[in-house]
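For reference, the structure is listed below as structure tokens.
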Amino acid sequence: EGLEEEPAGENVEQEPHSEVEEQAFETVRIHYMDEGNGEPLVLVHSIGQSIYTWRSLYYSLAQNYRVIALDLPGFGYSSRPTEYSYTIEDQSRALELFLDAIGIESAHFVGFSMGSGYVMDFCLRHPERVGRVVLLAPGGMVPEMPLPIKLLDSSLFGPIASIIFGMRSVESVLSECFFDQTVGVKPDVIEEYYKTICDSAARRALRFSFHNYDDENWLARLRATEMPVLILLGAEDKWRTPEQAELIHAAIPNAGYSLVRNAGHLLHEEKPDKVMAALLEFIPVISPDVE
């Protein structure tokens, strides 16, 4: 499966929930990185991404926390299960099983974009396992998203769109995610994003993830949120407006909200120092006891 190419990564087998009772559980290999000491901090990427998206933050965070970044089922270097619907509930349940497997009873969480739905569904089901939560540009499908993503979400054109979603599509999508094009729209970044979604199984996961992303459930339950939440949004985000972020902010009883200037949708890739500073301020750094 090419997992040996990521020396810092590890793999853990999971058995995600299946809605079809007569079918056996399906074993899934989860690729992840686990570095640092201190309180656990789990990083959850969005649809079509991998742990690569945390490259500018990961090792800085690992100086202060035990940082765990995983490739969700269907993405990165994790396996692509077939008996899997790629719903919010599926990915939230996979996150739960993954944490069980590596022995994490409770943690802080960072979720990016549509990955915020996976994080919040988990948090609302298991508030006792959650410390603090940071949501970066949270939300689901919006009309402002580019045509390649809209086509993937389409019942009619989705299968074809997943086949023709190539390197140029990745470049087109990334170009809308950065305020400063010189930061992220570079050949090495485009290639890295593309190489983990270029196989047919990954394309299937991409299509189903967009098409089955129904965020009404977790958005409707936000008032039940018990843990502190911080929402960060790039001030130049083309897909998320301050008004949309404010709706989520207002629905959560104990939430903070801040705009990151000169940053687009991928604010943690474009302005990692600003996001890092906000995380350190929001999530107290507790050093482990030294004997």
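The values are calculated or read from the model by the stated rules, or taken from the named source; none is laboratory data. Being a predicted model, the structure only gives us computed values, none of them experimental. As a convention, Cβ positions derive from the backbone with ideal geometry for all residues, glycine included, and neighbour counts pool all protein chains shown. Areas reflect the complete protein model, heavy atoms only, side chains present, ligands, DNA and RNA absent. Shrake-Rupley method; radii C 1.70, N 1.55, O 1.52, S 1.80 Å.
Among Leu259, Leu266, what's the order by accessible area (1.4 angstrom probe), most exposed first? Before the final figure, lay out each step's value.
Working: Leu259 85, Leu266 5 Å².
Output order, biggest surface exposure first: Leu259, Leu266.
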Solvent-accessible surface ranking, highest first, for Cys123, Cys198 at 1.4 angstrom: Cys198, Cys123
Taking a ≥ b ≥ c as the square roots of the Cα gyration tensor eigenvalues, with a/c under 1.5 meaning rounded and otherwise prolate when a/b beats b/c or oblate if not, the range 159-291 comes out prolate
For the pair Leu280 and Glu26, the simple spin-label estimate (label points 7 Å beyond Cα toward Cβ) gives in nm 4.2
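Under 1.5 on a/c is rounded, so check that first for the range 240-291, then, if it is not, pick prolate when a/b is larger than b/c and oblate when it is not; a ≥ b ≥ c are the square roots of the alpha carbon gyration tensor eigenvalues. Each step should come with its number before you reach the end.
Details: a/c = 3.88, a/b = 1.52, b/c = 2.55.
Taking the square roots of the gyration eigenvalues as a ≥ b ≥ c, the range 240-291 is oblate.
Kindly state, to the nearest 0.05, the FRET efficiency for Ala251 paired with His126, given R0 = 22 Å and r defined as their beta-carbon distance.
Working: r = 19 Å, r/R0 = 0.88.
The pair Ala251/His126 has a calculated efficiency of 0.70.
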